[in-house]
There are 2 protein chains.
Amino acid sequence: MNKKLQVCLTPALIPLYKIEDYIVVIIDIFRATTSICYGIENGAEAIIPVSQVEECAAYLDKEPTYLLAAERDGEIVAGFDFGNSPFAYTADKVAGKTIVLTTTNGTHALHLSRKAKKIVIGSFLNLTSVCNWLNEQNENILLVCSGWKNNFNLEDTLFAGAVVDRLKTGNFSPDDPAIAANDLYDLAKNDLDGYLKKTSHSERLKALGIERDIAFCLNVDTTTAIPVLDGDMLVKL
Amino acid sequence: MNKKLQVCLTPALIPLYKIEDYIVVIIDIFRATTSICYGIENGAEAIIPVSQVEECAAYLDKEPTYLLAAERDGEIVAGFDFGNSPFAYTADKVAGKTIVLTTTNGTHALHLSRKAKKIVIGSFLNLTSVCNWLNEQNENILLVCSGWKNNFNLEDTLFAGAVVDRLKTGNFSPDDPAIAANDLYDLAKNDLDGYLKKTSHSERLKALGIERDIAFCLNVDTTTAIPVLDGDMLVKL
């Protein structure tokens, strides 16, 4: 019997799924899940995603050794160690450290998925690694796009489509959103950056001056570590 | 200043929009909005969409001349005049009549959109007619896909993409779902039926023995009437 391979296009649709029946992959390509994959690859001991800057700051009282990452309007918040750019998550900065990271859309998706069998983090950086692991699990899979303010975005959907594409040869039954995501990925795969340039979100990000980050987030298979949720922390699988 | 051209991929996402700022097009290709367009084209005086068979039956006490359309599991409900097949909505049956139609997904989408500036009904049958009218309104447009049990489906998204495609030359700014829908339509447009055959919903409908209905629902520009919501009734614009 085929396992389900489904794509949840926005966190607002998570309640439609019986989440405890799935392994969930959380996707927030620009930039949370990319930074998380890069940080765990580079030896971060753990990454704790939170939604509010205040919540992030509160960790410093409990654990003075934690690094804090928070950004508002593209600027690092005063008193914090770094922002959300994946370039901050290099080995010299994060190896052996625990990082508290603010991310609105990604944290929301994680929170709503918390009853899943297992939650892992996906990005183009660890695409093949995640797909190979998913292929070995023999479980129903739900790819959760964090989207933008609870609505659909293209970059997360394209990544979901890339995963569907890689799992095509496995014994999975894709649903309509998975078929659509795969077809969109197929259209875009030879020039992800060019394809995404026509989106509204891309305009927003360009206005923030993070085009270099965007290009980095679209690098495929530069890492192999798979971050997995353990309690409230993301650690290496 | 460009008007917005947005696609709401499922009724569950309607609350994300300030609906009173938009003209809404309700889309439920298999088969509610197709049957409604065909019925109004063929001279039905009004069509009243309701969600429950019981609600539908209750109309008969109030208005004995109303025709009632209700179907469960592909069969016409005993005591009703016809089911949901568009083939029932021919001029000899519906001209001058008011029809009460049960449709779960479509009624749900209509109900959640009721505060819109105006609500019209779209299907492949009246595609060009609806697009020409939309193009003349100089208003923000929200294309609402009724979907399947609050989730995304391909047939409604393809139709939304067809509308986006026709409005490309106008002064509209498409959002990410509109861009995605347009690209999917572009992939599928030369063989809508073939494209949809790979979907899960198509399998469900095939099992109900309504392949002839599906082919009918994918006919493009066979009608010109635009149904519009007036109170709780859909009438000719």
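A few notes on this one:
- Over all other residues within a Cβ to Cβ distance under 10 Å of B:L110, the charged ones net out to -1, with Lys and Arg as +1 and Asp and Glu as -1.
- Taken residue by residue and averaged, Cβ atoms of other chains lying within 10 Å of the Cβ of A:167-180 number 4.
- Cβ-placed point charges (K, R +1; D, E -1), dipole of chain A about Cα centre in debye, nearest 20: 360 debye
- Label point 7 Å beyond Cα along the C-beta direction, distances from A:K117 to other copies (nm, shortest first): 4.9
- Each principal axis of the Cα cloud of chain B was evaluated for its coordinate range; sorted largest first, these ranges are 51, 37, 30 Å.
- The heavy atoms of B:R114 present about 140 square angstrom of accessible area, all protein chains included, probe 1.4 Å.
- Over 27 Å between alpha carbons, listed pairs B:K115/B:K236; A:K4/A:K97; A:K97/A:K198; A:K117/A:K206: A:K4/A:K97; A:K97/A:K198; A:K117/A:K206
- Rolling a 1.4 Å probe across all protein chains gives A:C145 an accessible area of roughly 0 Å².
- Radius of gyration over Kirkwood radius for segment A:1-81, both on Cα atoms: the Rg/Rh ratio is 1.05.
- Computed FRET value (nearest 0.05) for A:E75 with A:K115, which takes r as the C-beta separation and R₀ as 30 Å: 0.25
- Across chain A, the mean sequence separation of Cα contacts (distance under 8 Å, 6 or more residues apart), normalised by length, yields a relative contact order of 35 percent.
- A:E139, A:E20, A:E155, ranked by accessible area, largest first (probe 1.4 Å): A:E20, A:E139, A:E155
- Positive-pole candidate from B:A215, B:V120, B:I23, dipole of chain B, charges at beta carbon: B:I23
- Percentage, to the nearest whole number, of Cα pairs in the protein assembly as shown over 37 Å apart: 32 percent
- Over segment A:54-135 - Rg/Rh using Cα atoms and the Kirkwood inverse-distance radius: 1.00
- Value of relative contact order over segment B:8-104, rounded to a whole percent, pairs C-alpha under 8 Å and six or more apart: 36 percent
- Ordered from highest to lowest accessible area with the whole protein assembly present and a 1.4 Å probe, A:H108, B:H111 read as B:H111, A:H108.
- Site pair B:M233 and B:T128 shows an inter-label distance of 3.1 nm when each label is modelled 7 Å from Cα along Cα→Cβ.
- Per-residue ellipticity at 222 nm, computed for chain A from helices alone with -39500 (n - 2.57) per DSSP H run of at least four residues, works out to -11000 deg cm²/dmol.
- For the protein assembly as shown, the dipole from Cβ point charges (+1 on Lys and Arg, -1 on Asp and Glu) about the Cα centre works out to 60 debye, to the nearest 20.
- Approximate spin-label separation B:K149-B:A215, in nm, with each point projected 7 Å along Cα-to-Cβ: 2.9 nm
- With the charge dipole of segment B:82-237 set up from +1 on Lys and Arg Cβ and -1 on Asp and Glu Cβ about the Cα centre, the Cα lying farthest toward the positive end among the listed residues B:G170, B:A225, B:N138 is that of B:A225.
The values are calculated or read from the model by the stated rules, or taken from the named source; none is laboratory data. Here the structure is a predicted model, which means the values were calculated and not measured. When we count neighbours, we look across all protein chains shown, and the Cβ atoms used for this are built from the backbone with ideal geometry, even at glycine. The protein model used for the area step is the full one, side chains on, heavy atoms only, and it has no ligands, DNA or RNA in it. Shrake-Rupley method; radii C 1.70, N 1.55, O 1.52, S 1.80 Å.
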